[in-house]
1. Among the residues of the stretch 15-26, count how many are farther than 16 Å from Y257 by Cα, of a type outside the set (A, V, I, L, M, F, W, C) and over 23 Å from the mean Cα position of the chain (by Cα).
2. Would you mind stating whether K163 is under 25 Å from V30 (Cβ atoms) and more than 19 Å from the chain's Cα centre (by Cα)?
3. Please work out which one of (1) assigned to a loop (DSSP other than H, G, I, E, B); (2) at pLDDT below 95; (3) hydrophobic (A, V, I, L, M, F, W, C) is the condition C37 fails and give its number.
4. Do we have I39 as touching a helix residue (DSSP H, G or I) at 6+ places or on another chain (Cβ under 8 Å), of a type in the set (A, V, I, L, M) and free of Cβ contacts under 8 Å to residues at least 60 places away in the same chain here?
5. Could you tell me whether the stretch 215-232 includes any residue that is acidic (D, E), crowded, with 18+ Cβ neighbours inside 10 Å and in a loop (DSSP other than H, G, I, E, B)?
6. Quick one: is T137 touching a residue at least 24 places away in the same chain (Cβ under 8 Å), surrounded by 17 or more Cβ atoms within 10 Å (Cβ to Cβ) and more than 30 Å from N230 (Cα to Cα)?
7. For the stretch 106-130: of the residues being over 21 Å from the mean Cα position of the chain (by Cα) and at pLDDT below 95, which is nearest to F157 (Cα to Cα)?
Amino acid sequence: MRDNKSSEISIQCLHRSDLVSSQVLENPNVKRSNLSCEIHPIFHHKHWTHTTPKLYEILQPALRLASYFLTHQSCLEYWCTVLLGKVEFRADVNWNVIIPPPLDKSDFDTTIELLTGAAGKIRLGWYRHDDIDAFATAVPDTQLSPPGQEILLDKNFQKFAEKEYKTCSLCHQLRFQFFIALNLAHETVHAVRQLIYPGIEPYFRVYEPEPELGSSWERFTFGNKIQPINLSFDCADGLMTGRIEYLQELKQTFVVYSPIPMDFIASFFQEETWSAANAYGRSLFQAPLTPHCSVTPHTFDWKGRRL
């Protein structure tokens, strides 16, 4: 589940003038998406409920980006580890931790087959914000036969896409598409994992701040979690990373929020980025840390562990 109330975030520490000067909101050099990869079978229109062809067409950039997050060679290590790794109990964290498999070609091939096989066992749709306090979630779906999983995005995303999206700037549109893709990939981690290994999730890595595999995917891929400034569904105020830091001298955990420049977000929608990732891997995907940051006390106790 991608919680949108995990901590208190205020733009008062992220001054709008800084966001403008850092090109977090607008960048005149940004290009429209030219992604041409096939949409993954999990995200095919027939698996969506209450999603018109027009809405599905609007979401094409996000669906293609989410598909790359699932299947591109630079991203497969995570999925391979989560779906094929063995689990062992670690006394130092008092929890189960995933032990990575060898990560050879046969493992990658098997992972792709497992992800493809999950199509049809996962439905996608929308839910009212009052029902679940999160950007998105993955839940058991007993209406499928046999029972499967359902990925649900907040209806505020649907409302914005249908009513306001077309009038927004290109940068605003790309931020929105990026965040939809991120949520889809995040929740697909939970959904596919539960299809294969039902039950409580393990730690992805022993030094993760929480046993939450969707969040671990974000940290593995981007270096930190990503969410909208001010937690706005339309991403109007920009996107930012959230890095957990434990300050020993204060005996307290903080989250350091750093706005993300638009050129980084927009790069994911260009085929040349994914071609370069074939050579350089996910190092291209590590979100840059801008000098304008906001520091907020964390509301959870992670026992001094830090990412």
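1. Summing the residues that are farther than 16 Å from Y257 by Cα, of a type outside the set (A, V, I, L, M, F, W, C) and over 23 Å from the mean Cα position of the chain (by Cα) in the stretch 15-26 gives 2.
2. yes
3. (2)
4. When the stated conditions are applied, I39 passes them.
5. So far as the stretch 215-232 goes, no, none of its residues is acidic (D, E), crowded, with 18+ Cβ neighbours inside 10 Å and in a loop (DSSP other than H, G, I, E, B).
6. Considered against the rule, which asks whether it is touching a residue at least 24 places away in the same chain (Cβ under 8 Å), surrounded by 17 or more Cβ atoms within 10 Å (Cβ to Cβ) and more than 30 Å from N230 (Cα to Cα), T137 comes out as no.
7. D130
The rows are residues; the columns are (1) touching a residue at least 24 places away in the same chain (Cβ under 8 Å); (2) over 20 Å from Y68 (Cβ atoms); (3) buried (at least 17 other Cβ atoms within 10 Å of the Cβ); (4) aliphatic (A, V, I, L, M).
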site: D92; (1), (2), (3), (4): yes, yes, no, no
site: V97; (1), (2), (3), (4): yes, yes, yes, yes
site: A119; (1), (2), (3), (4): yes, no, no, yes
site: Q143; (1), (2), (3), (4): no, yes, no, no
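The values are calculated or read from the model by the stated rules, or taken from the named source; none is laboratory data. In this text the structure is predicted, and so the values were computed from the model without any measurement. Ideal geometry is used to build each Cβ from the backbone, glycine not excepted, and the neighbour counts take in all protein chains shown.
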